Structures are given as structure tokens and as C-alpha cells.
Amino acid sequence: MRKGRKLSKLIQEVLSTESQSRLSKFGISVMERTDKVSGNDKAVIYLTLKHGSKIARRSLQIYCKKGALDAKTRTVKGDSKATSIIQLACIKAESFVADFRLTERELDPFLIMSLILKECDLKDDTPTFYEVLEKELERYQDLEDVEYTRKTVNKMENSVKHIGTFLQHRFGTKQVAFSKINHATAKDFIHYMRTQMGFCSDTVRKLHGLCKRTYAFAIANNWCEYNPFLSISIKHTRKEVLFLNDAEIKRLQQAQFLNDTYRETRDLVLFQCLTGLSYADLYILSPTQIITNENGLKYIFARRYKTHNDFATLLIDTTLQILERYKNHPVCIARGTCLPVPTNQQYNRVIKEIAKIIGINKRLTSHVFRKTFATLMVNKGLSKESLQYAMAHSSIGITEKHYLNQQAERTIREQAKIFQLITTTS
């Protein structure tokens, strides 16, 4: 029994020694990766330092043909200059590791890598996480009014700013290497955005998505090994679709205003509710976008400002009367447009004043009226496919997700028709 205990204790000591030896092992290796810029036949040589769970990998800025590197001998076939750079970097790595061990300093692969690059006079060309975000923001700004609207660019600017705020808070600097951010940091980011910044789940989800896409881009460029944001999922909280119902539209239509600004704004609201135009498309609506078909029906056929998708929406008596009312308006004549649309800020301000006057207790904005049109159309029987085209959406999914509000009345009405058929047949 005693011998058995002694043997067990000896085995544990051996395993413990092996475990410590394994943890203290410092790996130095070179590898080649396909250079996505030069083409599939070219490769870039990387130096990798590994200690425990920490891995530092940097480009040595050496380009060669694929398969030319012998990782074991650390040589490049037919390129003595490249071979000498690789071997010098590896010798420096071994020297720094030995020095760190002698002075009993913590073996940090990232610190040792930076020392090697400095000693070998090699610039670390790997961008930081925030630098890549800034580069993406520049792309958005360059494509403003070409591919992205000012609103979209502004959202991107704010997103990059918020991520930078977190990095400054967490690391004391915005310029943080991709490898420094791990799964725990990603979870801290989500927590910080919810508690310190006070953002709702949808805003946090969008910021998380931007971080996840940035890391996917970095992995594709061999700047990092894994995506710390990939395993984190944030639920989408579905918001109630805010819209005006039939009674509220009628109340708005029948309201009498002595003030010209109120009258004009009321007409613009009705026009949006009955056509589904966004504020931007309402602002630039011109007579050339109004088409008359062979049956005498008039409709708007245009390309949406935001998505550049074509759309068509019918003009009925009410909307045609509004267009007729303002065709000689000074603002319309000066701009060459159909309606005297004010600035978005002024429009939204007057909308709220009108809502208060006529007793509509909803937080109204110009976008609510676009949602009103969508809900009105689908609840009166317009197919989702037709509504998708009228709204200029890229997919039905967007229409369903953001604009449809299945009313109880429609469900009851459809059920009543079915029960009527059942009663008649029986």
C-alpha cells in the first residue's frame, strides 16, 4: 500500500515537471503564406513566436515563389539575401529568449517580436485594429453621395468613434494590435457599450458586427489568427412598428390650419403616407418622375436616393390634388421640384407640433409616414412582392423586418371570410 502511494506521488511529480517544461517552451518558426496582392504563385514569409497561449506573427517582408522556403533549415531556395534575413531574425529571437530567461523576465512573444524587428531594421507593417477601422471609414467618406448617403457615413463615423473610446478606456491607447484583443476583451466591449455608453441592444449589435467584419478582413490578410467577436451573439430586439392608423390619417386630413407652414407640412405628411416616399425622395421629386400609363393612371417612377433601386407608386386623387396645389409654388419653381419640402429638421419639428394640436400621441418623424404607407398597403391586401418594389427594398426580408405590422383587424377580417365560406357550404 505504501509502495503504491510512493509510486503515485512520483508519477505526479514527473507529470508536473513535464507540464512546467511544456509551458516554458518558447517556439520560433518561419512559414510562408500566399500573397493575396501579388497573386497565388507568390508567398510572403512570416516569423512566428509562441509561448503558451500567446502567439506573435509578423511579416519579414520577404517575398518568394510558393514552396521556395524550407522551414526546417530556414532557407529560401535561390535567394541568399532572404535566407540571411530569416536566419538573422531567428538568431536574434533565440538571443532575446536566452536573455529574458537569464534575467528572469516574463517571456512575452509580442515584446520580443518588436525587439527583433527593430534589431533587424524591419518595419512592422501590420496595421492596428483601429487603423483598419479608420481606413474603412475613409472609404465610406470617399464614396459619399456615390454609394453612401451622408446619414450612412455619419453612422460609420460614430461607430468608429465609439470603438475608439472603448480602446482608449481599456488599453490607454486607440492603436491596439489585433492580437491584443481576445475573447474576454470582446465581452468587455459589449458590456462597456451597454453599461457605460448606455446603448440599446440593436446599437451594440451593429457595433459588434463592425468589429467582427474588421477581424474577418484582418484574418483574410494574415494580420491575426482568430476572430474574438465570432463566438459572441447578440439577439435582435424587434421594435414595434410605429405608424398612423386609418382614423389618425383621417383626422390629419380633416384638420384645418390657418398657418401656411402647418398646411404645407400636413399635405407633405399625407403625400408620404399615401405614396411611401422617404424624406430624401420627397425632397427631390420632380415632374419628370411622374408617368402616365396607357390606362390614364398616373404614378411616380424613380430611383430611390438611398439604395439606387427603382420603385413605382400610384398617385390617387388626394396625392394628385396636392401636386396640383403646389405646382406654382415659388420654392418648387426655384428648385424644379413638385413639392415645397423644408429641411428635415424643420419638417420633423413642425410634424410634432401638428401631432400635439390634433391629439396624436405618437412620436412622429418623417420616416413614420413611410412605415404608415407600408402597413396600410399590406393590411389592405397588397402583396409583399409589390410592396417590396414600391418601397425600393433589396429583399422582402427588409420589408417584413422593418415596415410590416400585421394588424389584428386584418387577421379577424380574413378569418371572417373563411368562416363565411364554411357556413355557406355547410
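What follows draws every value from the coordinates through simple rules; no lab data is involved. Being a predicted model, the structure only gives us computed values, none of them experimental. Glycine gets a Cβ as well: all are built from the backbone with ideal geometry, and neighbour counts include every protein chain shown.
Just grab the label-to-label distance for Met197 and Glu134, each label 7 Å out from Cα along the Cβ direction, in nm (one decimal).
Roughly 1.8 nm, to one decimal.
Given springs between every Cα pair under 10 Å in a Gaussian network model of the chain, which of Thr165, Thr343, Thr319 has the largest fluctuation?
Residue with maximal mean-square fluctuation among Thr165, Thr343, Thr319: Thr343.
On a straight-distance basis, which aspartates and glutamates could pair with Lys298 in a cross-link, Cα separation under 19 angstrom, same-chain partners fewer than 8 positions away excluded?
Asp267, Asp281, Asp310, Asp317, Glu324
Could you rank the peptides 172-178, 281-287 by their average count of other C-beta atoms within 10 Å per residue, with the highest value first?
Order by mean packing, descending: 281-287, 172-178.
Take every Cα-Cα pair in the range 18-119 and report what % of them are more than 19 Å apart.
45 percent
If N is the number of residues in the chain, what value comes out of its Cα radius of gyration divided by 2.2 N^0.38 Å?
Rounded to two decimals, the normalised Rg is 1.47.
Excluding same-chain residues fewer than 8 positions from Lys161, which lysines have a Cα within less than 18 Å of its Cα?
Lys135, Lys151, Lys174, Lys206, Lys212
With axes computed from alpha carbons, what is the tilt in degrees of helix 109-119 against the longest principal axis of the chain, rounded to the nearest 10 within 0 to 90?
80 degrees
Name the residue, out of Ser383, Ser395, Ser53, whose mean-square fluctuation peaks in a Gaussian network model built on the chain with Cα pairs under 10 Å.
Comparing Ser383, Ser395, Ser53 in a Gaussian network model of the chain, the most mobile one is Ser53.
Kindly express, to the nearest 10 degrees and within the range 0 to 90, the angle between helix 408-425's C-alpha long axis and the longest C-alpha principal axis of the chain.
Roughly 70 degrees between the two axes.
Kindly express, to the nearest 10 degrees and within the range 0 to 90, the angle between helix 366-379's C-alpha long axis and the longest C-alpha principal axis of the chain.
The two axes meet at around 70 degrees.
Say a paramagnetic label sat at a point 7 Å from the Cα of Asn158, along Cα to Cβ; which residues of the range 196-225 have their backbone N under 16 Å from it?
What the label zone holds, given the 16 Å backbone N cut-off, is 197-210.
Given the range 246-413, report the % of alpha carbon pairs whose separation exceeds 25 Å.
31 percent
So for the pair Glu400, Asn361, with labels modelled 7 Å out along Cα→Cβ, what separation do we get in nm?
Simple spin-label model gives 3.4 nm for this pair.
How big is the gap, in Å, between the Cα center of the range 344-367 and the Cα center of the range 166-215?
The two parts, judged by their Cα centres, are 36 Å apart.
Which of these, Ser59, Ser84, Ser201, has the largest mean-square fluctuation under a Gaussian network model of the chain (Cα springs below 10 Å)?
The residue that fluctuates most here is Ser84.
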